[in-house]
Amino acid sequence: MDTDSQKVRLGALGIVAVSLFLALFARLWFLQGIERQEFEAASVSNRLRVIQTEGPRGRILDVNGKVIVDNRTTIVVALDREQLREKVSGLDERDEADLEKIRTTLWSDFEVTATALNSLGVQPPLTAEDIWNRYTDKRYSPQEPVPVAEDVDPLVEQYFLERAQDFPGIIVERRTVREYPYGPLAAHILGYVGEINDQELLERGAVVPGSDEVPESTTTIPGQEPKPYEAGDSIGKTGVERAYEADLRGTPGERTIEVNAKGEMLDVVSDTPPEAGDDVWLTIDIDLQAHAEAQLARTVEDIRGGVTEDGRDITAPQGAVAITDPMGGEVRAMASYPSYDPRMIVNGIPTALWDELQDPANGLPLNNWAMQGMYAPGSTFKPVTALAGLQTGFINPANDTYYDQGTYELQGCTGGKCEFRNAGGARLGSVDLPRSLTVSSDVYYYWIGENLWLGRGTWGDQALQDTAFQFGLGDKTGIELPGEARGRIPTPQNRKEAYDANPEAFVTDEWFTGDNVITAIGQGDVLVTPLQLANTYGTIANGGTVYQPHVAYQTSRAIDPTEPPGAEGNFEVVRTIEPVEKGQVDINPDWYGQIFQGLVGVTQEGTAAAAWGANPTAWPFAGKTGTAEVNDKADTSLFAGWGPAVAGETPQYAIAVVVPESGFGGDVAAPLTFDIISPASNGQLDPVCPALDPERSECEKSKADAYARLAAAQQRQDEQAASGGVQAGGGTQAEDGAGN
């Protein structure tokens, strides 16, 4: 029995031993065969590093091919952390104790570097702590130089190159940054670039160093491969730079290097150079933009400190101009005052400058008031109300005239405000629709506003507002630039919603007749942006098509980057940005004729006649003044219109001008509009020259030559006229109309 038991036990042990050996051999075979490739791949991955090099951003051009944003080379003093790590070899930055030893070892070098940079006048002043913070900044790749001072003088570069042995780990590089040949012009349209932040990295599918957050998505252009980002890259923050980031961003280059266990570079495995981004062509005319900005700034600065006719102080904290092409929604100019200089922030925004730009006392210069400012439109809203009256049928051939006695009393009113009046109580007598626009009869529009509300059983309780919505008012225009305001068109429904959300702020949730009456003249809770207002008048000008405003019309790639991008044959179009029709407003030819007649009358004999007066532009101009009341402040001055306003001619410009806290529309906004549009309409718009030499010198010389030729031609013409003229075709030049 004992012998049998031993045999059984030995047999069992043998089976176990064989099983263990088989399992061991199976595991060895698995490690040698199946996992070998995985280990090899991981090994390669651990010793290879990929370093991205940003590609130059594409340029931005105006509608005529003038480069208004370019790139330039800047000098950067940076830390070469690879070299510095040799000095602290053997210490691990991930270990707190070692990190403190590294800090102690490098501190004196950083102090010497900071002292040298400060003595050379580098701004802002630096400390050793600043340089240490850059050294430990995890947003930068371990193999990537970390900038310490940017945009430094060439003398700083020379200083460090000559003393390289005295500044271990300090290198001087040349990098590409944005250049603005026309200085601060169109700053709000162009925007600026800055260092990508963590949220922007995630939105573009990039991993944030030191974060466990999962990237959301990759922003790209349909049909194009996404362009990768990493910490430290530049990205468009506002304006066109942000809106067309996917086009403008260059394709990064990739440098693959081999490193050892300490992360030190051993060899360059591959090197793919970066590619420049695509150029973006704007619809903006930089000459018109410059003229609009200059006239806006001049007007605001001239009127500040004055007093309105009703004794209120003119503060004019801001102002805005929007000019579009009525036939496609192309923005030709968009001026906002005050403005800022993007050249001041190409290397980041210093704290002091940021505080200054964000201070309301300075007018918030970073705000684009042309699309972010919301203002009561006042009488510039009257064409919308007129059209609402026409669309409902309330205004018709048998009912288009009202006798304006200067005041208007609501029908059957027994409480609250029952009487409304014209500005100054002016009695304007019998007015039809065209005349009501020309002389700006508030009473006529009180009459329409009240009756549209009283007829709500037939036309609905927001017939007036529905017409405004047809123009896109109360909503964003859809312009591609970020930050656009929606404006506001008050309705009985949103009054109730506002009350339900905050009952303490309202007496009641009801909509009264008086609310409709005040809305009809663009007051009360009506708010529009200057861009919305220009787009509204552009829609009337073209007969009813609502276009989405846009500031770019194509992107391109230069064939020869050394030649001007706008030169004929030197670019290929990458994509075209077509006009977008957002809707249609019902304006039949008869209605159009009435509104057209009334608005042309404004500049010929009405509330803007003093601005046009004895100095007519080359075109007749249709438009409307507006004076919007603001509690305890001077009125907002407005003008909106289009030209040429000639039957059968295509309108070229729709314009809106708004200057808050400045007085009557006919006193400020209308003259400002004339000053902007007059030279644009008669071909005398002064070309603007770049702010930089040598381009500026060449441009100024070209302008001087052109002016000299014009002066010589004028002198010859004057001499001919003085001598009786030159016979040509049976008459004198004067008789033939030459020069008129």
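The values are calculated or read from the model by the stated rules, or taken from the named source; none is laboratory data. This is a predicted model, so every value here is computed, not measured. Quick reminder, even Gly has a Cβ in these numbers, built from the backbone with ideal geometry, and neighbours come from all protein chains shown.
Data table
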| read-out | value |
| --- | --- |
| Restricting the stretch 63-90 to residues that are surrounded by fewer than 17 Cβ atoms within 10 Å (Cβ to Cβ) and basic (Lys, Arg), the residue that is nearest to the chain's Cα centre (by Cα) | 72 |
| Flag if residue 204 is under 30 Å from residue 286 (Cα atoms) and either modelled with pLDDT under 85 or charged (D, E, K, R) (or both) | no |
| Residue in the stretch 91-113 that is surrounded by 12 or more Cβ atoms within 10 Å (Cβ to Cβ) and within 21 Å of residue 232 (Cα to Cα) present | yes |
| Answer from 362, 368 - the residue that is farther than 19 Å from residue 526 by Cα, outside the structural domain of residue 492 (by TED's automatic domain parsing) and touching a strand residue (DSSP E or B) at 6+ places or on another chain (Cβ under 6 Å) | 368 |
| Residue list for the stretch 223-240, restricted to those being within 15 Å of residue 555 (Cα to Cα) and within 8 Å of the chain's Cα centre (by Cα) | 240 |
| Tally, over the stretch 391-436, of residues that are at positive phi and outside any strand (DSSP E or B) | 6 |
| Only one of 383, 365, 397, 360 that is surrounded by fewer than 19 Cβ atoms within 10 Å (Cβ to Cβ) and under 30 Å from residue 324 (Cβ atoms) | 360 |
| From 146, 112, residue being within 39 Å of the chain's Cα centre (by Cα) and either within 23 Å of residue 231 (Cβ to Cβ) or β-branched (Val, Ile, Thr) (or both) | 146 |
| Residue list for the stretch 400-436, filter: among the small types (Gly, Ala, Ser) and loosely packed, with under 14 Cβ neighbours inside 10 Å | 412, 415, 416, 424, 425, 429, 430 |
| Qualifying residue in the stretch 489-505 (condition: touching a Leu at 6+ places or on another chain (Cβ under 7 Å) and in contact (Cβ under 8 Å) with a residue 12 or more places away in the chain) | yes |
| Given (1) in a loop (DSSP other than H, G, I, E, B); (2) surrounded by fewer than 18 Cβ atoms within 10 Å (Cβ to Cβ); (3) within 28 Å of the chain's Cα centre (by Cα), number of the condition residue 586 does not satisfy | (3) |
| Filtered residue count, the stretch 574-616, keeping only those that are within 30 Å of residue 666 (Cβ to Cβ) and among the acidic types (Asp, Glu) | 2 |
| Residues of the stretch 356-390 satisfying the condition of being touching a helix residue (DSSP H, G or I) at 6+ places or on another chain (Cβ under 8 Å), under 24 Å from residue 608 (Cβ atoms) and outside any helix (DSSP H, G or I) | 373, 375, 377 |
| Qualifying residue in the stretch 282-303 (condition: assigned to a loop (DSSP other than H, G, I, E, B), more than 30 Å from residue 649 (Cβ to Cβ) and either in contact (Cβ under 8 Å) with a residue 12 or more places away in the chain or assigned by TED's automatic domain parsing to the domain that holds residue 534 (or both)) | no |
| Number of the exception - residue 546 against (1) out of contact with any Ser or Thr (no Cβ under 8 Å at 6 or more places or on another chain); (2) of a type outside the set (Gly, Ala, Ser); (3) outside any loop (DSSP other than H, G, I, E, B) | (1) |
| Yes/no for residue 623 being touching a residue at least 24 places away in the same chain (Cβ under 8 Å) and either among the aromatic types (Phe, Trp, Tyr) or under 21 Å from residue 432 (Cα atoms) (or both) | yes |
| The lone exception for residue 674 - which of (1) under 26 Å from residue 601 (Cβ atoms); (2) of a type outside the set (Gly, Ala, Ser); (3) surrounded by fewer than 22 Cβ atoms within 10 Å (Cβ to Cβ); (4) modelled with pLDDT of 90 or more it fails | (3) |
| Those residues of the stretch 334-381 which are closer than 27 Å to residue 673 by Cα and of a type in the set (A, V, I, L, M, F, W, C), in sequence order | 334, 335, 361, 364, 366, 369, 370, 371, 374, 376, 381 |
| Unmet requirement for residue 385, which otherwise passes all of (1) more than 18 Å from the chain's Cα centre (by Cα); (2) over 21 Å from residue 488 (Cβ atoms) | (2) |
| Residue check for residue 266: of a type in the set (A, V, I, L, M, F, W, C), under 27 Å from residue 178 (Cα atoms) and not in a loop (DSSP other than H, G, I, E, B) | no |
| Among (1) part of a loop (DSSP other than H, G, I, E, B); (2) over 21 Å from residue 351 (Cβ atoms); (3) in contact with a helix residue (DSSP H, G or I) (Cβ under 7 Å, 6 or more places away or on another chain) - the single one residue 125 does not satisfy | (2) |
| Residues being surrounded by fewer than 21 Cβ atoms within 10 Å (Cβ to Cβ) and either within 26 Å of residue 193 (Cα to Cα) or charged (D, E, K, R) (or both) - total across the stretch 319-339 | 1 |
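This table checks each residue for (1) charged (D, E, K, R); (2) in contact with a Leu (Cβ under 8 Å, 6 or more places away or on another chain).
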site: 394; (1), (2): no, yes
site: 413; (1), (2): no, no
site: 416; (1), (2): no, no
site: 442; (1), (2): yes, no
site: 445; (1), (2): no, no
site: 449; (1), (2): no, yes
site: 464; (1), (2): no, yes
site: 472; (1), (2): no, no
site: 475; (1), (2): yes, no
